[in-house]
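The values are calculated or read from the model by the stated rules, or taken from the named source; none is laboratory data. It should be emphasised that the depicted structure is a prediction, and the values quoted were computed from it without experimental measurement. Cβ placement follows ideal geometry from the backbone for every residue including glycine, while neighbour counts extend to all protein chains displayed. Each accessible area value is taken on the protein alone, full model and side chains, heavy atoms only, with ligands, DNA and RNA left out. Shrake-Rupley method; radii C 1.70, N 1.55, O 1.52, S 1.80 Å.
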Protein chains: 2
Amino acid sequence: MLFPPTLRQLMQQLERLPGIGTRSAQRLALYLLRRPEEEIVRLAESLVQARQRTRLCQRCFFLSEDDLCEICRDPSRDADTICVVADPRDVVAIERLEQYRGLYHVLHGLISPAEGVQPEDLKIGELVERVRTERPREVILATPANVEGDATALYIARLLKPMGVRVTRIAYGMPVGGELDYADAATLGYALSGRQEL
Amino acid sequence: MLFPPTLRQLMQQLERLPGIGTRSAQRLALYLLRRPEEEIVRLAESLVQARQRTRLCQRCFFLSEDDLCEICRDPSRDADTICVVADPRDVVAIERLEQYRGLYHVLHGLISPAEGVQPEDLKIGELVERVRTERPREVILATPANVEGDATALYIARLLKPMGVRVTRIAYGMPVGGELDYADAATLGYALSGRQEL
């Protein structure tokens, strides 16, 4: 004897979601049973609607409900700069700063031979094409500071530099307020090798 | 600028679920966008179906898609014994043992003045009524070993004992294979006070 069939099915589907194990799936499903039916219907509708309506911006591959995302449609953005990120969440993180006024390009991943991710699996060809047609003055690579992020940045830089565009990468090093003593070796390594003349 | 509206709405709804914070809600939503649409539709349908079809067994208040749950409908179960648990998951845990052949009664919570849970909020009145009409020989209290579990067990025992039914509580103490050295004080306390004559 276990839980009744429809509930069991829901638990099994929840269990397949990332970061949700058997126990959290059970807890979630039992929680949802106790909520008003309208709330569950709304959640179900949101799931399907978000899946159906959200697509990738045809220009920068950020998420959008239209052909072009809000940023690409904004005429006040500076089209001379393209900031390249791995994930849509990185766009949101940079936008929160309210400091960057250029455009973005979302790769949707990083080159990773270990995980079988090749350059062709990412929006790299599209970036090269964009640089060719839009002719920005600068491409800022904001991939993370790790093996995959470094490899992806180097790969893109090698493609773009011959095209005459300025290619930069964001700075990596000690976080503000971080103590040397507590920094991991990798961060400290980036901080040292990225040192600048005073 | 943030994520597009329907996606943002989904993230906000996921964020309200227990154990899911802002970051996991974002991760989950972005994961769901990458899944095939049929899979998302199936998940949405499961949500609504589980919510609509699952209700409480009218006799024991375990979960069921019918008036009576699978256990209460099974004529081979021993109706002389009722095992009282706090949560539907406890029924599944005991059933996994394949050792207990009696019936259950799910309280759907524990008495907790701190959280404002009164006896009337639980299926305690229904248990008393069941004992009155079904006249079982034994009621086994399987509430957890903590302040609320103890209080609930004592409260129920005081109500049922005058009715002439045998009231027992499952044993609490050192888990099998557990070392005294590593046991928390509460468990060790239960083990000591529950000691038995050899």
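Just a few scattered comments:
- Residue match in segment B:135-146 (condition: aliphatic (A, V, I, L, M), more than 22 Å from residue B:115 (Cα to Cα) and either open to solvent by 40 Å² or more (accessible area, probe 1.4 Å) or out of contact with any His (no Cβ under 9 Å at 6 or more places or on another chain) (or both)): yes
- Search result, residues across segment B:101-116 that are aliphatic (A, V, I, L, M) and touching a Ser or Thr at 6+ places or on another chain (Cβ under 9 Å): B:103, B:107, B:110, B:111
- Yes/no for residue A:167 being among the hydrophobic types (A, V, I, L, M, F, W, C), out of contact with any Gly (no Cβ under 9 Å at 6 or more places or on another chain), free of Cβ contacts under 8 Å to residues at least 40 places away in the same chain and surrounded by fewer than 16 Cβ atoms within 10 Å (Cβ to Cβ): no
- Extreme residue, farthest from residue A:147 (Cα to Cα), among residues of segment A:181-191 that are under 27 Å from the mean Cα position of the chain (by Cα) and of a type outside the set (S, T, N, Q): A:183
- Qualifying residue in segment B:95-103 (condition: under 27 Å from residue A:7 (Cβ atoms), surrounded by fewer than 14 Cβ atoms within 10 Å (Cβ to Cβ) and among the polar types (S, T, N, Q)): yes
- Residue pairs whose Cβ atoms lie under 6 Å apart, separated by 6 or more positions or on different chains, with the first residue in segment A:127-154 and touching a residue at least 24 places away in the same chain (Cβ under 8 Å) and the second among the hydroxyl-bearing types (Ser, Thr, Tyr) and open to solvent by 40 Å² or more (accessible area, probe 1.4 Å), are A:145/A:172; A:145/A:190.
- Residue among B:88, B:4, B:18 that is closer than 19 Å to residue A:30 by Cα and touching a Leu at 6+ places or on another chain (Cβ under 6 Å): B:88
- Considering segment A:109-118, the residues that are without any contact (Cβ under 8 Å) to a residue 24 or more places away in the chain and in a loop (DSSP other than H, G, I, E, B) include one that is most open to solvent (accessible area, probe 1.4 Å), namely A:118.
- Close pairs from segment B:20-36: first more than 19 Å from residue A:93 (Cβ to Cβ), partner surrounded by 19 or more Cβ atoms within 10 Å (Cβ to Cβ) and of a type in the set (Val, Ile, Thr), Cβ under 7 Å, at least 6 apart: B:32/B:40
- Residue A:180 meets the conditions (1) surrounded by fewer than 16 Cβ atoms within 10 Å (Cβ to Cβ); (2) out of contact with any Leu (no Cβ under 9 Å at 6 or more places or on another chain) in every case but one. The failed one is (2).
- Within segment B:2-54, being in a loop (DSSP other than H, G, I, E, B) and facing chain A (nearest Cβ under 7 Å) holds for B:2, B:3, B:4, B:17, B:18, B:19, B:54.
- Scanning segment B:119-134 for residues that are open to solvent by less than 20 Å² (accessible area, probe 1.4 Å) and among the β-branched types (Val, Ile, Thr), we see that the one that is farthest from the chain's Cα centre (by Cα) is B:131.
- Test set (1) surrounded by fewer than 18 Cβ atoms within 10 Å (Cβ to Cβ); (2) farther than 30 Å from residue B:55 by Cβ; (3) out of contact with any strand residue (DSSP E or B) (no Cβ under 6 Å at 6 or more places or on another chain); (4) modelled with pLDDT of 95 or more - residue A:42 fails condition number: (2)
- Some residue of segment A:10-31 being in contact with a helix residue (DSSP H, G or I) (Cβ under 8 Å, 6 or more places away or on another chain), under 19 Å from residue B:9 (Cα atoms) and open to solvent by 60 Å² or more (accessible area, probe 1.4 Å): no
- Residue within segment A:87-99 that is closer than 30 Å to residue B:52 by Cα and assigned to a helix (DSSP H, G or I) present: no
- Residue selected from segment B:59-86 under the condition in a helix (DSSP H, G or I) and open to solvent by 10 Å² or more (accessible area, probe 1.4 Å), by the criterion nearest to the other protein chains (Cβ to nearest Cβ): B:70
- Pairs with Cβ under 9 Å, 6+ apart, first in segment A:79-108 and farther than 26 Å from residue A:161 by Cβ, second of a type outside the set (Phe, Trp, Tyr) and in a strand (DSSP E or B): A:88/A:56; A:88/A:63; A:88/A:106; A:93/A:85
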